[in-house]
Amino acid sequence: MDAQIASHPLGSDRVRAAHRIIEECNRDEDSASRELERMGLPSLQELGLLQVRHTLSWWRLHRKRKILIRRLARLHG
């Protein structure tokens with residue numbers, strides 16, 4: 001399950017790095033856009049499209065992971 005989450009588009013290194021840049025720019029759209037472009041990371045628009053396209057599958061993976069963790073805890077609890 002963790003491998004599936006790690007290989008998911010929203011869990012990719014490039015997307016995580018882009019989100020770090022956005023946080024560092026204090027959500028200043030112009031600064032973030034320039035820095036993302038300079039670093040060759042997905043643009044704000046690309047990040048938005050990824051979010052729309054992949055949020056449901058991302059949520060499902062995390063939901064399945066939580067269920068598995070709870071089941072394992074009951075088995076070992």
Rounded D (µm²/s) - segment 1-66, Kirkwood Rh over Cα pairs, Stokes-Einstein at 37 °C, 0.692 mPa s = 263 µm²/s
ask   = Angle, helix 29-39 long axis vs. longest principal axis of the chain, Cα atoms, 0 to 90°, nearest 10?
value = 80 degrees
key: Rounded to whole Hz, the Karplus (6.51, -1.76, 1.60) HN-Hα couplings of segment 2-12, x for glycine and proline   = 4, 5, 5, 5, 5, 8, 5, x, 6, x, 5
query = In percent, what relative contact order does the chain have, based on Cα pairs under 8 Å that are 6 or more apart in sequence?
reply = 37 percent
Portion, in percent, of the accessible area of the chain that falls on carbon or sulfur, probe 1.4 Å = 53 percent
query = When ligands, DNA and RNA are left out and all protein chains stay put, how many square angstrom of accessible area per residue does the chain have with a 1.4 Å probe?
reply = 79 Å²
request  = Please list 44, 49 in order of solvent-accessible area, largest first, computed with a 1.4 Å probe with all protein chains present.
outcome  = 49, 44
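The values are calculated or read from the model by the stated rules, or taken from the named source; none is laboratory data. This one's a predicted model, so the numbers in the text were calculated from it and none came from an experiment. Heads up: the accessible areas ignore ligands, DNA and RNA and are worked out on the full protein's heavy atoms, side chains in. Shrake-Rupley method; radii C 1.70, N 1.55, O 1.52, S 1.80 Å.
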